[in-house]
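Okay, so here's the structure we're looking at.
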Amino acid sequence: MGNNETSPDPKGVIHLTPISKKLIQFLAVIFLFVLIYVSVHIWGFFAIQKKTESFLAAVQALEFERAAQLYSGTEDKQAWVRGMEQLHEEGQFRLISYAKVKPYYNDGGFHTGHAELSFDMEGEQLNVNAVLTFGENDQPGQVCAIHPPEVPRGSIPGLVSWNRLTCGGSF
């Protein structure tokens, strides 16, 4: 047998050549790197999803002070809380459910995502898709409700107010 081959000794133990050992070490390092990389991204996905769901749950429960602490989209938290209270005091518009909160990995991080939102609009349910962005500490930075295509844009005052507060404008 040649020098670069593995060969069993009389007891059945395989001896690896130095090149084989280096190759196995290299593959183990690559495997470990991939495992860590995937784990970090999976953890990031679930962490951002949980933070966004916590924010939406607080808004749904009318706990605006708590929601403001979970939201990175405004620096003036008290003005945001007053705006949400005013929107909900009028009784014309309220978040009643959310579903399918999904952050997307792009450009080296989780920066955007989507969700489905349902609002109570003067006794009628309005279902919309929302575009999400994430800010500091992976908290939601914007929750922009997409105006239904069959309704003239800006014709739903509650949705316009929601987007002014959580999106920075009409969407």
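Computed values, structure above
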item: Long-range neighbours under 6 Å by Cβ, at least six apart or interchain, first residue at negative phi and touching a residue at least 12 places away in the same chain (Cβ under 8 Å) within segment 74-89, second of a type in the set (Ser, Thr, Tyr) and assigned to a helix (DSSP H, G or I); result: LEU87/SER161
item: Among (1) closer than 23 Å to ILE156 by Cα; (2) at pLDDT below 90; (3) surrounded by 14 or more Cβ atoms within 10 Å (Cβ to Cβ) - the single one ASP138 does not satisfy; result: (1)
item: Failed item, numbered, when GLU122 is tested on (1) on the phi < 0 side of the Ramachandran plot; (2) surrounded by fewer than 17 Cβ atoms within 10 Å (Cβ to Cβ); result: (1)
item: Of the criteria (1) open to solvent by 40 Å² or more (accessible area, probe 1.4 Å); (2) not in a loop (DSSP other than H, G, I, E, B), which one LEU117 fails; result: (1)
item: Matching helices (runs of 4 or more DSSP H) fully within segment 1-95 where at least 3 residues are modelled with pLDDT under 85 and exposed (fewer than 11 other Cβ atoms within 10 Å of the Cβ); result: 18-60
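The values are calculated or read from the model by the stated rules, or taken from the named source; none is laboratory data. Quick caveat, the model's predicted, so the values are computed rather than measured. Quick reminder, even Gly has a Cβ in these numbers, built from the backbone with ideal geometry, and neighbours come from all protein chains shown. With ligands, DNA and RNA removed, areas are computed over all heavy atoms of the protein, side chains included. Shrake-Rupley method; radii C 1.70, N 1.55, O 1.52, S 1.80 Å.
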